[in-house]
Amino acid sequence: MRFLDDPHHDGSALYVSSQTPRLGDTVTVRVRAPRAAGVTGVLVRVVQDGEPRYARAAVATGVSPGGYGRTDVWWQAEIVAANPVTRYRFLLSTPRGRQWLTAAGPVTHDLTDASDFRLVCHDPPPAWMRDSIVYQIFPDRFGRSGTEREPPSWALPSRWDHDPVIPSGPGTSRQLYGGDLGGIVPHLDHVRSLGADTVYLTPVFPARSNHRYDAAAFDRIDPLLGGDQALHRLAGALHARGMRLIGDIVTNHTGDAHPWFTAAMSDAHAPEREMYHIDPVTGDYEAWWGVKSLPKLDWGSELVRTRMRETLTRWVPPFDGWRVDVANMTGRRAAADHTHEAAALLRRALPATAALIAEHSHDASPDLDRDGWHGTMNYGGFTRPVWAWLRGDDLDLDHFLGVPGGVPRHDGRDTLATFRSFASHMSWRSYVHSWQLLDSHDTSRVRTVTGSRERHLIALGLQATLPGTPMVFAGSEYGLTGVNGEHSRTPMPWNRPADQDLATLASYRDLLGLRRAEPALRHGGLRWLHADADCLVFARECEQDTLLVCARRGPGSPLRFEGRMETVYNSSDRDVLAGAGPALLVWRPGG
């Protein structure tokens, strides 16, 4: 599959004149049409107040990203951002007939508006998010300050470099290795050496588990982690380095030891009673997936809205924003659906400089492009297709990020189809502000999935060069393994040289450093050029520069690109364009 001759548009600055349009603004949109496409005319269809309208585009001059693609014809038109989310698409005339161009690509058949491009006029995400690289830390497993604390009665004390993580069954949520917030500070230079500038912490509030998603309070930091002062010291150390800190908040439920819940259950007339879904006759209550230690909040309650708003604003600063756990279920139960109200309420409560990212393990697009979440953890549109393309031959997992049956085998064409399908159902703005992750504390490790360093680095190369915000789970830069989320929460191998894959660490520094150094990788558009079973090729383009990327999961057919080229990165010493692999090649075309 070759796409060199396909007309193209995306939401980047090369194609859309304003990345932060306001309601009523006039915006210039462009289409890139290779001469081989034979485009003779372009109309823009804009849906205004629910009704499509058409504007005629004219040929533009002086557009050529980085001097590359000078044989293309560029068309442009002006459209009005008439609604908070204004959908648009292009109708192209060619000698072979008419075709639509939407975010799903060019087609000759009619299609719904679901994949239309979007101008989003809601208040934009903080500007710093577009350039960020996020590093996720599970506090109990990252570093220890040396302060000795008495373990609570629920804990199963474990030795950092000696006791293995229990992957499933009794004890998984009770193992406590003694990591704390003070133990993170000495390793911040390691984090920064990867190119990361944002630390995301899983929950830090008191709880009765090592993961702390069963919060027993929101008004203080767990003393096991060092308490409030330790959080402020960590935030200060990050901010002094020009870095940021993201917290983890559960808006769908609390723990059953939380004072809100204990008050609700102890007194039928307590104000907190309305905060949960409690049966007035039986006293039974709704819980997340039936887990009774996680009672579900009722977002129809004004008291829930007030207290959750107060919780998020109380901790910003020291936090610079939030990752929202189970965002897809927040406010949803049976006929009630308050999710969008909750997201908008929380976003309005936070300062404009604060990030708000939603956890979502499948299709997040219905919850995006509203005045709520800035983006999502893009498991469905990034993690799944990368796993399915690069999975190892001997991989034996019983599910695929929750889908029964293990990780399937997909070729490059299916992988590209998944990338495009998910990206086409959200705005460019939501797409680039979503976290693109290879693994997390809730999944298998990417090294376990790929089964080899070579394929792991191809996955990393895609994470570093595709649009979106890279999110690295602490320890993957050392090649740590894990068969599921619990097993992946391995204590960092600071004093275990045998568990430190230094070649992988060097590649993380090189590839994420490349993303940090190249504006086209952070702000450029995305144009797919080629896909076959074992190879994906795409361009990242901005007005000043173009980078081309070739990712191969194994040896394959040679590719031919005319003109001079400057190699920017090559994961091997082999000729990737000639068919060598597995390997990743990034180059800058010179003409």
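The values are calculated or read from the model by the stated rules, or taken from the named source; none is laboratory data. Quick caveat, the model's predicted, so the values are computed rather than measured. Heads up, the Cβs are rebuilt from the backbone with ideal geometry, glycines too, and the neighbour counts pull from every protein chain shown.
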Any residue at all in region 79-94 that is assigned to a strand (DSSP E or B), of a type in the set (Phe, Trp, Tyr), within 25 Å of residue 541 (Cα to Cα) and more than 30 Å from the chain's Cα centre (by Cα)?
no
Could you say whether any residue in region 518-528 is assigned to a strand (DSSP E or B) and either surrounded by fewer than 21 Cβ atoms within 10 Å (Cβ to Cβ) or hydrophobic (A, V, I, L, M, F, W, C) (or both)?
yes
Failed item, numbered, when residue 441 is tested on (1) within 30 Å of residue 189 (Cβ to Cβ); (2) buried (at least 22 other Cβ atoms within 10 Å of the Cβ); (3) in contact with a strand residue (DSSP E or B) (Cβ under 8 Å, 6 or more places away or on another chain); (4) touching a residue at least 60 places away in the same chain (Cβ under 8 Å)
(2)
Can you tell me which of 190, 162 is more than 25 Å from residue 288 (Cα to Cα), part of a helix (DSSP H, G or I) and free of Cβ contacts under 8 Å to residues at least 40 places away in the same chain?
190
Screening 127, 114, 104 for residues that are surrounded by fewer than 21 Cβ atoms within 10 Å (Cβ to Cβ), out of contact with any Cys (no Cβ under 7 Å at 6 or more places or on another chain), within 19 Å of residue 526 (Cα to Cα) and at pLDDT 95 or above leaves only 104
May I ask you to verify whether residue 204 is modelled with pLDDT of 95 or more, crowded, with 23+ Cβ neighbours inside 10 Å and either out of contact with any Leu (no Cβ under 8 Å at 6 or more places or on another chain) or on the phi < 0 side of the Ramachandran plot (or both)?
yes
Criterion (farther than 30 Å from residue 21 by Cα, free of Cβ contacts under 8 Å to residues at least 12 places away in the same chain and out of contact with any Leu (no Cβ under 6 Å at 6 or more places or on another chain)) met by exactly one of 408, 366, 404
404
Residues of region 158-207 being among the aromatic types (Phe, Trp, Tyr) and in contact with a strand residue (DSSP E or B) (Cβ under 6 Å, 6 or more places away or on another chain), in sequence order, are 200
For region 353-373, give me each residue that is within 17 Å of residue 326 (Cβ to Cβ) and touching a helix residue (DSSP H, G or I) at 6+ places or on another chain (Cβ under 8 Å).
356, 358, 360, 361, 362, 363, 364, 367, 368, 372, 373
Test each condition in (1) within 27 Å of residue 132 (Cβ to Cβ); (2) touching a Cys at 6+ places or on another chain (Cβ under 7 Å) for residue 516 and report the one that comes out false.
(2)
From the list 540, 560, pick out the single residue that is of a type in the set (Lys, Arg) and assigned to a loop (DSSP other than H, G, I, E, B).
560
Taking the condition of being in contact (Cβ under 8 Å) with a residue 40 or more places away in the chain, part of a helix (DSSP H, G or I) and out of contact with any strand residue (DSSP E or B) (no Cβ under 8 Å at 6 or more places or on another chain), how many residues in region 461-500 meet it?
4
Taking interchain pairs and intrachain pairs at least six residues apart, which have beta carbon atoms under 7 angstrom, with the first residue in region 501-526 and acidic (Asp, Glu) and the second not in a strand (DSSP E or B)?
501/453; 501/478; 501/479
Looking at region 34-57, can you tell me whether even one residue there is small (Gly, Ala, Ser), surrounded by fewer than 13 Cβ atoms within 10 Å (Cβ to Cβ) and at pLDDT below 95?
yes
Would you mind stating whether residue 71 is farther than 24 Å from residue 24 by Cβ and either in contact with a helix residue (DSSP H, G or I) (Cβ under 7 Å, 6 or more places away or on another chain) or among the β-branched types (Val, Ile, Thr) (or both)?
yes
Note: among 242, 283, just one is over 23 Å from the mean Cα position of the chain (by Cα), part of a loop (DSSP other than H, G, I, E, B) and in contact (Cβ under 8 Å) with a residue 12 or more places away in the chain, namely 283
Of all residues in region 58-68 being in contact (Cβ under 8 Å) with a residue 40 or more places away in the chain and either over 16 Å from residue 9 (Cβ atoms) or touching a helix residue (DSSP H, G or I) at 6+ places or on another chain (Cβ under 8 Å) (or both), the one that is surrounded by the fewest Cβ atoms within 10 Å (Cβ to Cβ)
67
With the structure loaded, tell me whether residue 179 is assigned to a loop (DSSP other than H, G, I, E, B), surrounded by 21 or more Cβ atoms within 10 Å (Cβ to Cβ) and in contact with a Lys or Arg (Cβ under 7 Å, 6 or more places away or on another chain) or whether it fails that test.
yes
Selected residue (only one of 91, 119 is more than 24 Å from residue 22 (Cβ to Cβ) and not basic (Lys, Arg)):
91
Leading residue by the ranking (farthest from residue 500 (Cα to Cα)) among those in region 470-483 that are β-branched (Val, Ile, Thr) and surrounded by fewer than 24 Cβ atoms within 10 Å (Cβ to Cβ):
483
Could you please tell me which pairs satisfy a Cβ distance under 6 Å, a separation of 6+ or placement on different chains, a first residue in region 329-346 that is among the basic types (Lys, Arg), and a second residue that is crowded, with 19+ Cβ neighbours inside 10 Å and part of a helix (DSSP H, G or I)?
332/339
Strands (runs of 3 or more DSSP E) wholly inside region 1-58 that include at least 3 residues being closer than 30 Å to residue 128 by Cα:
26-34
